[in-house]
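Everything below concerns the one structure shown next.
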There are 2 protein chains.
Amino acid sequence: MKDTLKSIVDKIPGAKGAILMGFDGIAVEQYDGGSGADIESIATEFSFRFVELLKASKALDLGALTDITIKAERGTLLVRCLSDDFFTIVLLGDSGSFGKGRWVLKTAAPDLLASL
Amino acid sequence: MKDTLKSIVDKIPGAKGAILMGFDGIAVEQYDGGSGADIESIATEFSFRFVELLKASKALDLGALTDITIKAERGTLLVRCLSDDFFTIVLLGDSGSFGKGRWVLKTAAPDLLASL
């Protein structure tokens, strides 16, 4: 699982780290590539907010939520929901690799899910 | 303002509607292009969840949040934060026009902000 997270970070220019976490805010595995980014704190802080987005999506009959992206001044989060219980976040330093990052994450999702 | 929202929807293949709303959940203006999508309910349901994302972003020193995208099975939301008080959502039927949609919304944001 760590290898898959490392591979995701290595393939995306500007990626600062990746984490696999439960929607309960408990990290399963992470890789920061030496960037020093505190991706676990970021993921924990957002995890219960993501649960709220999932609830809203189901309540509105939009169906299961598969991806969330959040772009802020000093970082972009690419989030992929792996199952009802787990998600992966990739943290980008800027949004330059947004499209490629989404594609890499989507491609890697089956591997991550299989490793759970 | 309605013209700008209409122009956004017209320019994005598969767009079902656009809305400008306050983070208090009150709609300012909307355009559904005859799709019948209840974009106001969707935006209202998500508005206070977005406020939570904004708070998390600031708490984590990621800075002000500029864009959120939410992809679900039966719809994709492109969200652009216009100011501390207002945001715009474009609802797509699928995620095929994701990239173009983000670009159109970004380009139109100054017009929407100026019309407030």
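Read-outs throughout are calculated quantities, based only on the coordinates presented, and are distinct from any laboratory measurement. Small disclaimer: the values here were computed from a predicted structure and weren't measured. Neighbour counts run over all protein chains shown; Cβ positions are idealised from the backbone, glycine included.
Candidates A:16, A:2, A:6: the one that is basic (Lys, Arg), out of contact with any Gly (no Cβ under 8 Å at 6 or more places or on another chain) and closer than 22 Å to residue A:103 by Cβ is A:2.
Going through (1) surrounded by fewer than 18 Cβ atoms within 10 Å (Cβ to Cβ); (2) within 13 Å of chain B (Cβ to nearest Cβ); (3) without any contact (Cβ under 8 Å) to a residue 60 or more places away in the chain one by one, residue A:110 falls short only on (2). Of (1) under 19 Å from residue A:1 (Cα atoms); (2) among the β-branched types (Val, Ile, Thr); (3) within 13 Å of another protein chain (Cβ to nearest Cβ), residue A:104 satisfies all except one. Which? Residue A:104 satisfies all of (1) under 19 Å from residue A:1 (Cα atoms); (2) among the β-branched types (Val, Ile, Thr); (3) within 13 Å of another protein chain (Cβ to nearest Cβ) except (3). State whether one or more residues within segment A:83-92 are in contact with a strand residue (DSSP E or B) (Cβ under 7 Å, 6 or more places away or on another chain), within 21 Å of residue B:74 (Cβ to Cβ) and of a type outside the set (A, V, I, L, M, F, W, C). No, that holds for no residue. When residue B:5 is tested against the conditions (1) crowded, with 20+ Cβ neighbours inside 10 Å; (2) touching an Asp or Glu at 6+ places or on another chain (Cβ under 7 Å); (3) within 14 Å of chain A (Cβ to nearest Cβ), the lone failure is (3).
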